[in-house]
Amino acid sequence: MFGIFRALKRRRLRRRPFPCAWLPILEAEVPFYAELAPELRERFREQLKCFVWEKHFIPAGGMTITEEVKVVIAAAAVRLILHLDLSAYDRLTEIVVYPSHFVDEERDGVIFGLAQDWGTVVLSW
């Protein structure tokens with residue numbers, strides 16, 4: 001049942017135009033974007049839009065979430081599934097972003113990124 005709602009939501013998101021402000025970010029901060037074939041660029045942009053607009057980006061440790069942060073993180077995620085469907089990330093709901101590494105006292109160490117089973121990914125910018 002939830003799959004139907006998600007598919008409808010994604011269809012609606014895909015109809016929205018790609019934000020022009022994101023292109024300079026992709027060109028400056030995502031080196032592999034320039035190497036994508038034109039047909040893959042279109043697919044990449046469609047998946048990127050949905051990823052950014054579906055996921056919740058949460059600042060931590062004084063981080064400020066900007067469009068650049070969202071687009072760069074989404075680009076890295078979408079690159080991994082470019083030849084797959086965005087449903088590979090259906091369980092992912094939140095992306096917590098720290099400005100730098102953080103200390104996880106349970107694991108007794110410095111962490112640069114962490115994926116949780118319950119749909120949260122923690123990243124260092």
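A few notes on this one:
- Within region 51-70, the only residue that satisfies the criterion of being in contact with a Lys or Arg (Cβ under 7 Å, 6 or more places away or on another chain) and open to solvent by less than 20 Å² (accessible area, probe 1.4 Å) is VAL52.
- Inspection of region 112-119 finds a residue satisfying the criterion of being touching a Ser or Thr at 6+ places or on another chain (Cβ under 8 Å) and not in a strand (DSSP E or B).
- Top-ranked residue in region 87-111 [being among the hydroxyl-bearing types (Ser, Thr, Tyr) and part of a loop (DSSP other than H, G, I, E, B); ranked as farthest from LYS49 (Cα to Cα)]: SER100
- Between GLU46, GLU29, GLU39, the distinction of being over 15 Å from ILE73 (Cβ atoms), surrounded by 11 or more Cβ atoms within 10 Å (Cβ to Cβ) and among the acidic types (Asp, Glu) belongs to GLU46 only.
- Subset of region 74-110 [aromatic (Phe, Trp, Tyr) and either touching a Pro at 6+ places or on another chain (Cβ under 8 Å) or modelled with pLDDT under 90 (or both)]: PHE102
- Selection within region 81-94 - open to solvent by less than 60 Å² (accessible area, probe 1.4 Å), free of Cβ contacts under 8 Å to residues at least 40 places away in the same chain and of a type in the set (A, V, I, L, M, F, W, C): ILE81, LEU92
- Condition met for ARG15 (within 22 Å of TRP125 (Cβ to Cβ) and either under 17 Å from the mean Cα position of the chain (by Cα) or exposed (fewer than 14 other Cβ atoms within 10 Å of the Cβ) (or both)): no
- Pair list, Cβ < 9 Å and 6+ apart or interchain, from region 57-80 residues that are touching a residue at least 60 places away in the same chain (Cβ under 8 Å) to residues that are part of a helix (DSSP H, G or I) and open to solvent by less than 60 Å² (accessible area, probe 1.4 Å): MET63/VAL69
The values are calculated or read from the model by the stated rules, or taken from the named source; none is laboratory data. Just so it is clear, the model here is predicted, and its values are computed rather than measured. Heads up, the Cβs are rebuilt from the backbone with ideal geometry, glycines too, and the neighbour counts pull from every protein chain shown. Surface accessibility is based on the protein's heavy atoms, side chains included, excluding ligands, DNA and RNA. Shrake-Rupley method; radii C 1.70, N 1.55, O 1.52, S 1.80 Å.
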